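A quick write-up on the structure given underneath.
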Amino acid sequence: MDLIESLKPIVKRLKRFKYLFLFAGISIVLTISALYLFPDSVDSMGASVNKSEEDIKLQAFPIVKPTMKYGFAVDTFQVYEGQIQNGDFLGNILQRYHIDYPSIEKLAENAKSVFKVNNFRVGKNYMVLAKDSTQRADYFIYEPSVYNYIVFDLNKLEAKKVEHEIEYETEIKGGMIESSLWAAITGNGMSYEVASKMEDALQWSIDFHHIQKGDEFKLVYDQEFIKGEEAGVGMIKAALYKTNGQEYHAIYFDHENNEIAGYYDLEGRPMKSGFLKSPVKYSRISSYYNLNRFHPILKRRRPHYGTDYAAPYGTPILAVGNGVITKAGYTKGNGNYVKIKHDDTYSTQYLHMQKFAATTSVGAHVKQGQVIGYVGSTGLATGPHVCFRFWKNDRQVNHLNMNFPPPAPLPKENLDEFFKVRDQYLELLKQAEVKSIEKEVVTEVENSEKKDLQGP
Ligand SMILES: [Zn+2]
């Protein structure tokens with residue numbers, strides 16, 4: 001510790017106490033630099049060095065670790081990193097690193113069940129590791145998404161998929177609808193993924209085709225992080241939506257018993273026991289149930305017994321409730337259509353499908369939210385849409401006007417636990433700030449106009 005010894009007289013001369021810390025810091029840095037610069041002297045320094053190493057650990061200085069990437073100590077390899085370019089395929093990349101064609105073919109074949117090598121996508125990252133740059137490389141690593149990567153072992157000619165570790169952080173955010181849900185979500189610093197997950201959480205109580213300016217929402221959700229960077233959005237744990245002076249909540253609750261995992265209202269009533277508010281996400285209602293409608297193709301008055309949801313060709317159509325498929329066929333008017341019987345009272349029907357889902361057939365059981373087909377314009381249809389029909393006791397009714405009896409709450413043995421969870425989430429929801437971001441943008445414009453007015 002001769003360095004510190006030599007600094008002592010200087011320290012003594014300093015009158016102000018705070019300099020002591022500064023010099024203690026500098027002396028530690030100097031000691032460590034000395035150890036780095038003259039590593040050979042380390043052995044000869046003996047016991048005192050051990051003591052200083054201990055000091056370093058105690059003061060939480062970084063310990064020298066190999067640089068790890070994709071689970072490899074990359075310091076021990078020649079490292080080549082790149083991104084898949086247009087026209088790149090496994091062969092032309094690996095040939096640059098001395099891998100012969102028979103090996104590449106064998107590797108592609110062996111890797112098939114893990115990753116099909118013709119699925120490389122332009123712009124995705126890859127890395128090649130070689131122990132000796134003049135010899136064949138040892139590993140090729142490809143990262144198809146932020147969630148995982150594929151390690152191709154170029155010696156054993158096999159591949160494995162490795163999942164990145166995901167960390168979660170609770171986010172508490174809110175917003176107010178100005179023009180659209182999407183704008184409010186992204187305007188408040190959330191990813192667009194949050195919009196769709198929020199729709200999932202509230203799909204039983206909010207009809208997202210009819211959201212209004214001034215509606216407010218608050219959310220508690222999991223933000224995923226991979227290696228410290230934001231990845232995707234995890235689960236929405238609690239949601240509050242305020243419209244027309246009414247508040248709607250969705251609280252996520254699960255238990256060892258996975259059967260009860262799902263969203264509940266504040267009274268602990270399961271939300272999924274109702275029907276989804278619409279069979280297509282991201283759609284708009286293009287025509288309402290109307291007993292006096294003038295039919296656009298037939299050119300005469302004909303009642304419209306359904307609600308039309310317009311959406312692009314191929315958009316998935318979801319079963320609005322659990323049930324059994326009673327019809328899956330084609331008629332000239334309906335085009336490809338499916339009818340589902342939910343119970344003795346209710347059935348639903350979905351018309352004009354482009355095609356059915358692979359699992360759709362008469363007699364098949366479907367779950368709420370399951371994809372049963374895809375939006376099309378088969379039958380009497382002017383454009384891509386689903387004509388959604390709701391049957392009650394064999395009569396077609398307007399589902400938008402339906403009020404269903406509330407389902408029974410959670411069983412007593414879970415209810416107290418649910419209330420505790422609910423109250424914690426309600427506290428968190430209170431912390432969410434509701435701001436109309438679009439309004440703030442307008443304010444900025446106003447300010448800049450004012451500035452202009454004050455100018456010459
Ligand atoms: Zn229709």
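The values are calculated or read from the model by the stated rules, or taken from the named source; none is laboratory data. As the structure is a prediction and not an experimental result, all values here were calculated from the model. We place every Cβ from the backbone using ideal geometry, glycine too, and count neighbours over all the protein chains shown.
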Check your understanding: For the range 244-262, does any single residue satisfy the condition of being under 30 Å from Gln354 (Cβ atoms), surrounded by 14 or more Cβ atoms within 10 Å (Cβ to Cβ) and in the same structural domain as Lys435 (by TED's automatic domain parsing)?
Key -> no
Check your understanding: Can you tell which of Pro316, Pro279, Pro312 is closer than 16 Å to Ala381 by Cα and either more than 16 Å from the ligand (Cβ to nearest atom) or outside the structural domain of Val220 (by TED's automatic domain parsing) (or both)?
Key -> Pro312
Exercise for review: Confirm whether Gly306 is within 16 Å of the ligand (Cβ to nearest atom), surrounded by 16 or more Cβ atoms within 10 Å (Cβ to Cβ) and touching a residue at least 12 places away in the same chain (Cβ under 8 Å).
Suggested key: yes
Check your understanding: With Gly333, Gly369 as the choices, which residue is at pLDDT below 95 and farther than 18 Å from Trp391 by Cβ?
Key -> Gly369
Practice item. Output the number of the condition that Asp265 fails; it satisfies all remaining conditions of (1) buried (at least 17 other Cβ atoms within 10 Å of the Cβ); (2) in the same structural domain as Asp344 (by TED's automatic domain parsing); (3) over 18 Å from Thr378 (Cα atoms). Key: (2)
Check your understanding: Which one is farthest from the chain's Cα centre (by Cα) among residues in the range 229-267 that are in a loop (DSSP other than H, G, I, E, B) and of a type in the set (Asp, Glu)?
Key -> Glu267
Exercise for review: Give the number of residues within the range 218-237 that are aliphatic (A, V, I, L, M) and touching a residue at least 60 places away in the same chain (Cβ under 8 Å).
Suggested key: 4
Check your understanding: Looking at Lys173, Lys160, Lys218, which one is of a type outside the set (Gly, Ala, Ser), over 21 Å from Glu427 (Cα atoms) and at pLDDT 90 or above?
Key -> Lys160
Point to revise | Members of the range 214-227 found to be part of a loop (DSSP other than H, G, I, E, B) and under 17 Å from Glu433 (Cα atoms), listed by number | key: Gly214, Asp215
Study note, to complete from the structure: Counting only residues that are within 16 Å of the ligand (Cβ to nearest atom), over 22 Å from Asp207 (Cα atoms) and crowded, with 20+ Cβ neighbours inside 10 Å, the range 319-338 contains a total of 4
Check your understanding: Can you name every residue in the range 95-131 that is in contact with an Asp or Glu (Cβ under 9 Å, 6 or more places away or on another chain) and without any contact (Cβ under 8 Å) to a residue 40 or more places away in the chain?
Key -> Phe120, Val122
Check your understanding: Lys156: surrounded by fewer than 17 Cβ atoms within 10 Å (Cβ to Cβ) and assigned by TED's automatic domain parsing to the domain that holds Glu109, yes or no?
Key -> yes
Check your understanding: Ser179 fails exactly one of the following numbered conditions: (1) within 30 Å of Asp132 (Cβ to Cβ); (2) part of a loop (DSSP other than H, G, I, E, B). What is the number of that condition?
Key -> (1)
Point to revise | Residue check for Ser278: surrounded by 15 or more Cβ atoms within 10 Å (Cβ to Cβ), under 30 Å from Lys237 (Cβ atoms) and hydroxyl-bearing (Ser, Thr, Tyr) | key: yes
Exercise for review: Under 6 Å between Cβ atoms, at least 6 apart or on separate chains: pull out the pairs that start in the range 177-194 with a residue that is touching a residue at least 24 places away in the same chain (Cβ under 8 Å) and end on any residue that is surrounded by fewer than 16 Cβ atoms within 10 Å (Cβ to Cβ) and in a loop (DSSP other than H, G, I, E, B).
Suggested key: Ile177/Lys213
Study note, to complete from the structure: Within the range 96-117, restricting to residues that are farther than 22 Å from Tyr80 by Cα and not in a loop (DSSP other than H, G, I, E, B), the one that is farthest from the chain's Cα centre (by Cα) is Pro102
Exercise for review: Taking the options Thr345, Thr359, name whichever one is away from the ligand (no atom under 15 Å from the Cβ), surrounded by fewer than 19 Cβ atoms within 10 Å (Cβ to Cβ) and over 24 Å from Asp265 (Cβ atoms).
Suggested key: Thr359
